[in-house]
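S.K.: Mind looking over this structure? Questions follow.
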Amino acid sequence: MVCMVVLMPRRRIVLALKVLVVLLGAWFCVLASMAIMAPEPVSHTPRHDDKKPVHAVAAAVPPTYAYADGTQKLFPGNRIVALYGSPNAPRLGVLGEQPLEQAIARAKELANDYQPYASERMMPALEIITTVASSSPTANNDYSNELDITALQPWIEAAKAAGVYVVLDLQPGRTDFLSQAKLYEPLLREPNVGLALDPEWRLGANQLPLQQIGSVDVSEINATSVWLADITKQGELPQKLFLVHQFRNSMIGNRAQMDTSHPELAYVIQMDGNGAQPTKQSTWSAIRQSPPANVLFGWKNFYDEDHPVLSPEATMALDPKPWYVSYQ
């Protein structure tokens, strides 16, 4: 009888414990299922895989282009020597006498020939006749053949990679310089590309190339330079060369009013007459009389028409020493 009293509570306890274990197991299953079904809490702390690379923003900013002397100014740290002509057109100048890569190599070699005679760095360049005056009417009747941008782009890209400057030269025929320059805006937005205007080929309504020597009023030159300075500033580009050819005083009307106030541009008037050296020296002297403010001067050598062709040493012995020299 005593044993019965002791054993009954133990059985009940064991049974109760078993029931409790079953109930607790069921409860934990319910809690687990609720946790799985519940949405993931929103966290203000980004997950590791959501983080963007630290360099992503910096990589979107293009590097600042600088010339070989480490600045964004053409002058006074550099002088320029260029091959002049048009691709695949040897009759227009020495630039077209060889393919692209050879033209770049030749320009660099020419710069090396000049380097002993300058304390500044001699910058190699290609002056490309981009619009070529025509003796007969063209499709748009402006008496000027405009080269396609796609034909020029490889030259500019290769020159940029090689540290060579490019100058786009305009012979506008019966249209105006600004209209033609705007055709090549995408190229002129490149950091290594400047612009040259050749008034010899800026013709009146009844004029023809090679029959008359053209001319331009300075107001048209100023309108073009303002536009070029604006896109240079907008694009945060290095200073651009703004070159104007001249071998007669009559080629630039009202030259004294030339606007040279834009620091985005480096202004050069190039004496590009050819012939016997005494004649060229006389023209050199005449062109330099009463220059506009902030204008530097350049010289041109002609392999076939000059008598004799000046050597690099003789060219750099000119007074004043030219800042821009080209070869045709």
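The values are calculated or read from the model by the stated rules, or taken from the named source; none is laboratory data. All values reported here derive from a predicted model rather than from experimental measurement. Here Cβ is always computed from backbone atoms with ideal geometry, including for glycine, and neighbour counts include all displayed protein chains.
S.K.: Quick one: Pro99 ticks every box in (1) under 29 Å from Ala317 (Cα atoms); (2) without any contact (Cβ under 8 Å) to a residue 24 or more places away in the chain bar one, so which box is it?
M.R.: Going through the list (1) under 29 Å from Ala317 (Cα atoms); (2) without any contact (Cβ under 8 Å) to a residue 24 or more places away in the chain, Pro99 breaks only (1).
S.K.: Could you list all residues from region 158-203 that are closer than 23 Å to Ser250 by Cα, of a type in the set (A, V, I, L, M) and assigned to a loop (DSSP other than H, G, I, E, B)?
M.R.: Within region 158-203, Leu203 is the sole residue that qualifies.
S.K.: Please go through region 231-267 and give me each residue that is acidic (Asp, Glu) and closer than 26 Å to Arg174 by Cβ, ordered by number.
M.R.: Asp259
S.K.: Let me ask you something else. Check region 224-246 and report whether any residue there is among the polar types (S, T, N, Q), touching a residue at least 60 places away in the same chain (Cβ under 8 Å) and under 30 Å from Lys160 (Cα atoms).
M.R.: yes
S.K.: Now, a different point. Just one of the numbered conditions (1) modelled with pLDDT under 95; (2) under 22 Å from Gln239 (Cβ atoms); (3) among the β-branched types (Val, Ile, Thr) is not true of Val54; which one?
M.R.: Every condition holds for Val54 apart from (2).
S.K.: For the condition under 18 Å from Leu126 (Cβ atoms) and of a type outside the set (Phe, Trp, Tyr), what is the one hit in Ser250, Ser326, Ser290?
M.R.: Ser326
S.K.: Sticking with this structure for a sec: Taking the stated definitions as given, is Asp198 in contact with a helix residue (DSSP H, G or I) (Cβ under 6 Å, 6 or more places away or on another chain) and among the charged types (D, E, K, R)?
M.R.: no
S.K.: Do we find a residue being more than 30 Å from Gln234 (Cα to Cα), surrounded by fewer than 17 Cβ atoms within 10 Å (Cβ to Cβ), touching a residue at least 40 places away in the same chain (Cβ under 8 Å) and touching a Leu at 6+ places or on another chain (Cβ under 7 Å) anywhere in region 127-137?
M.R.: Yes: region 127-137 contains one or more residues that are more than 30 Å from Gln234 (Cα to Cα), surrounded by fewer than 17 Cβ atoms within 10 Å (Cβ to Cβ), touching a residue at least 40 places away in the same chain (Cβ under 8 Å) and touching a Leu at 6+ places or on another chain (Cβ under 7 Å).
S.K.: Within the bounds of region 291-310, is there any residue that is under 27 Å from Asn222 (Cα atoms), surrounded by fewer than 16 Cβ atoms within 10 Å (Cβ to Cβ) and either among the small types (Gly, Ala, Ser) or without any contact (Cβ under 8 Å) to a residue 24 or more places away in the chain (or both)?
M.R.: yes
S.K.: Run Leu170 past the list (1) within 21 Å of Ile221 (Cβ to Cβ); (2) over 19 Å from the mean Cα position of the chain (by Cα); (3) free of Cβ contacts under 8 Å to residues at least 60 places away in the same chain and report the number of the one that doesn't hold.
M.R.: (2)
S.K.: While we're here: In region 79-103, what residues are touching an Asp or Glu at 6+ places or on another chain (Cβ under 6 Å) and surrounded by fewer than 23 Cβ atoms within 10 Å (Cβ to Cβ)?
M.R.: Pro90
S.K.: Filter region 247-270 for residues that are buried (at least 18 other Cβ atoms within 10 Å of the Cβ) and more than 25 Å from the chain's Cα centre (by Cα); which is nearest to Phe302 (Cα to Cα)?
M.R.: Phe247
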